[in-house]
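Each remark here refers to the structure printed beneath this line.
All of the numbers you see were taken from the coordinates with simple rules; none came from a lab. Because the structure is a prediction, the values reported are computed rather than measured. Here the Cβ is made from the backbone with ideal geometry for all residues, glycine too, and neighbour counts use every protein chain on show.
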């Protein structure tokens, strides 16, 4: 039938059938119990839109638009929880809805520890773009998949009791202190499946799930093309780790993969070949930085933010 022909793009992207497409491209509505039923039910519609985008690629954009409208509704519901007015009286006596921008500011003031204002404003800006288009365009799943995942995480964070997140900043600081001796130097990251040379590891996020701390860590890779990367301002991807059970020793860190429980280890190394690789890495980086006339080098790989979004998506709904 005309409406049951798969869109050709999915096979090109390695999803040759509906099952593999759904597994890789449909963002499930993973919500904790404090998220209102209206939000959960509305997101189910977005799920179906994503699923049916298998047959019509532009439907994925409509799923993202639905997410943006759900976010607006969610902000208004959360404002009502705090008694924040969502309407205001005009000078002529008529009533109008308050601007979403101000509602976001007000609801984030009520729960400042959640630190979600910037991302809520980003979603609001995307909503404005969608509501006032200059032309018909679509981006498909590639652009919108992680944006929708981000939205689910923000919705979970918006409704979660703030006290369940209040200890996260202190825990990040605590684990960062524990990891301080592994922040800069020559180390080996062993994931069980692969081994990598890294320059250091840093804690970026922490959530307490079922009474246990889960962490999002990033490790900086040591590559043989750092000079070229610095000159082009295009760096190798960071190694992103979602872990628990971190034990820090004098020469190694042991931990478990949060999802699979597989052991992961970061350890010091004095192997001559690794030391020589690190020496060349530093030499090439210093030469390239000198050519850039002191421009600050910041190594950030694009999957970094996507992986942190995935960390919140995977675990935030289980907090509490």
> Cα axis of helix 117-131 to longest principal axis of the chain: angle in degrees, 0 to 90, nearest 10?
Replying inline: 50
> How far, in degrees from 0 to 90, does helix 303-315 lean away from the longest principal axis of the Cα atoms of the chain, to the nearest 10?
Replying inline: 60
>> Sequence gap at least 6, Cα distance under 8 Å: using those rules, report the relative contact order of the chain to the nearest whole percent.
In response: 16
> For the chain, what is the mean residue ellipticity at 222 nm derived from helices alone (per DSSP H run of n ≥ 4: -39500 (n - 2.57); sum divided by total residues; nearest 500 deg cm²/dmol)?
Replying inline: -15000 deg cm²/dmol
> Sorting 148, 86, 154 on the 10 Å Cβ count, fewest up front, what's the list?
Replying inline: 86, 154, 148
> In degrees from 0 to 90, rounded to the nearest 10, what is the angle of the helix 100-110 Cα long axis to the longest principal axis of the chain?
Replying inline: 60
> Pick the calculated volume of the Cα convex hull per residue in Å³ for this structure from [x] 195; [y] 167; [z] 146?
Replying inline: [x]
